[in-house]
Amino acid sequence: MAVRKKRRASDAPARRRLTCVFAHPDDETFATGGLIAKCTASGIRVDLFCATDGDAGRSSGIPVASREELAELRRNELFSAARFLGISELTLRGYPDGALPTVDADQLIGDIVLALRQWRPQVVVTFGPEGAPTGHRDHSAISRAATAAFFLSGLSTAYPDQLGDVAPHRPARLFYVAWKGDMKSRRGSYASVPPTARIDVRGHLREQLGAFLLHVTQRDQMDWFKANGMVKDEYFALAAGTPQRRTIDDLFDGIRAGK
């Protein structure tokens, strides 16, 4: 069942709209916290699709009696972090944490298609096929599902049962989270798809740190976050959509308003 929380009761469509599609609570802050804060500060609407409740993750020493209790904690943390970053709407789908590759892919893709049709972003950001900096298999699975949804959301023949409530929508660009060189984690060392965009987020590190601190159950990852997440530039790789002629410093560069 979907869990949704809106930041505002009404929100007129912004001229620019970004949707982030991730697997776990905290992915949005670790991978794109600077980007999100920069976008919302400039009036860009940002929405977030999160596939799981993170109930198989860590609790940083906070006593929890069950996975259900941890899931509730992490949902509330995500709601708080999303509000702090200025995210307009958040959808949590509650798929099993740590097992996204085993779920019904058609259903997961359909859920993302519906979100894209509802939010109608010009730009979509998700993890790359390598599983992002940590090589998590849920990250790879959400990458595959978001990529498929990017291409299917604009087709009236895909998930036609949704079209009574929403119209097809094809975003202009799909980006993968990227970085320079190899990223080391406890699962190994990973290289990303070569970056095509570099976003200067130095002016928004305070917001990113503030959002991370709201993910209280993840505070034992503070050292890794500061070393790898709080960086002056966030990198992204164009995966599909409107071509780039050069490395860009704005994911909306070259996209017509209202596209």
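The values are calculated or read from the model by the stated rules, or taken from the named source; none is laboratory data. Bear in mind the structure is a predicted one, so any value in this text is a computation, not a measurement. Positions of Cβ are backbone-derived with ideal geometry, glycine not excepted, and every protein chain shown enters the neighbour counts. Heads up: the accessible areas ignore ligands, DNA and RNA and are worked out on the full protein's heavy atoms, side chains in. Shrake-Rupley method; radii C 1.70, N 1.55, O 1.52, S 1.80 Å.
Numerical summary
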read-out	value
Read-out Rg and Dmax of the Cα atoms in Å, derived from the coordinates shown; its label in (1) 16.9, 53; (2) 18.0, 55; (3) 21.8, 68	(1)
DSSP bridge pairs, the chain: antiparallel proportion in percent, nearest 5	45
Taking the chain and dividing mean pair separation by its residue count, relative contact order in percent (alpha carbons under 8 Å, at least six apart)	24
Cα shape, the stretch 57-130, gyration tensor, a/c 1.5 rule	oblate
Estimated 222 nm signal from helices in the chain, with DSSP H stretches of n ≥ 4 weighted -39500 (n - 2.57), rounded to 500	-9500 deg cm²/dmol
Exposure of residue 232 as accessible area (Å², to 10), given a probe of 1.4 Å and all protein chains	120
Å² of accessible area per residue within the stretch 1-140, as computed with a 1.4 Å probe and no ligands counted	37
Nearest-0.05 FRET efficiency for residue 65 and residue 248, computed from C-beta distance (R0 45 Å)	0.40
Net dipole in debye of the chain [+1 Lys, Arg Cβ; -1 Asp, Glu Cβ; about Cα centre; nearest 20]	940
Among 119, 91, 62 - extreme Cα towards positive end, dipole of the stretch 61-122, charges at beta-carbon	119
Alpha carbon centroid spacing (whole Å) that separates the stretch 158-188 from the stretch 60-113	16
Carbon/sulfur fraction of accessible area - the chain, other protein chains in place, 1.4 Å, %	50
Cα centre as origin, Lys/Arg/Asp/Glu Cβ charges: the stretch 33-111 dipole, Debye	440
Kyte-Doolittle at least 0.5, axis length at least 15 Å by Cα - qualifying DSSP helices, the chain	105-119
Which of 42, 214, 183, positive extreme of dipole for the chain (C-beta unit charges)	42
Exposure rank, largest accessible area first [55, 27, 200; 1.4 Å]	200, 55, 27
Backbone N within the stretch 143-183 under 13 Å of label point (7 Å from residue 105 Cα along the Cβ vector)	143-149
Positive minus negative residues near residue 150 (Lys, Arg vs Asp, Glu; Cβ under 10 Å)	+2
